[in-house]
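Beneath this line is the structure, given in structure tokens, with notes to follow.
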Amino acid sequence: MAEPLGRHELVAVASYRLITLRDQDNDAGVGLDEAIARAQTAVVASTGYELVINCVQDLMPASARLEVWSGRPAPAGEPGWSAPQVFELECPSGLLVLGSPTGEALDADLPAGPGVYGFEVAHRGRDQALAMSQEDLLNARQGGFEQYRMRVWFAGELPDDEDE
């Protein structure tokens, strides 16, 4: 049974309405335009090297919580959260960067080090944030309505580099 190993939380205004998550050694540009376009309708998309979350507003902070697990976690069963979307990312350094373009960011070490990691991403509060007027959003309390939860676990070794 999988157990939580750590938790990191970023509460920030999402520059360009984007929150991203990638390994520090991954090129942030590879396939990014296509992932951003997919995230417009799917909320979350991946390049295989970077996750992109499309927020509904950029006037008040959104919360992005990263949970590190010993294995794939059991379904959370928390009311109000969306059905999770699952992705895999290559993480060559084992150090994740969670942030927003031109905005705040935080680093998170993955205890298993480099490898391929599974990510399960869920959200809540998007409808409430979307329904609010600009004035309501600006007058709302800090911390926002939009919340994103990313659960991560070691899924396997990195593929061999066949170019060498």
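Observations, loosely collected:
- For region 50-62, the set of residues classified as open to solvent by 20 Å² or more (accessible area, probe 1.4 Å) and of a type in the set (V, I, T) consists of V56 only.
- Only one entry of L130, L51 meets the criterion of being at negative phi and in contact with a Leu (Cβ under 6 Å, 6 or more places away or on another chain), and that entry is L51.
- Meets criteria (in contact (Cβ under 8 Å) with a residue 12 or more places away in the chain, closer than 26 Å to N26 by Cα, within 12 Å of the chain's Cα centre (by Cα) and surrounded by 18 or more Cβ atoms within 10 Å (Cβ to Cβ)) for L110: no
- Qualifying residue in region 64-72 (condition: in contact with a helix residue (DSSP H, G or I) (Cβ under 9 Å, 6 or more places away or on another chain) and surrounded by 17 or more Cβ atoms within 10 Å (Cβ to Cβ)): no
- Complete set of residues in region 1-49 that are part of a loop (DSSP other than H, G, I, E, B), surrounded by 19 or more Cβ atoms within 10 Å (Cβ to Cβ) and not hydroxyl-bearing (S, T, Y): A14, N26, V43
The values are calculated or read from the model by the stated rules, or taken from the named source; none is laboratory data. Just so we're clear, the structure is a prediction, and the values are computed from it rather than from any experiment. Because the Cβ atoms are built from the backbone with ideal geometry, glycine has one as well, and the counts that use them run over all protein chains shown. For accessibility, only protein heavy atoms count, side chains too; no ligands or nucleic acids. Shrake-Rupley method; radii C 1.70, N 1.55, O 1.52, S 1.80 Å.
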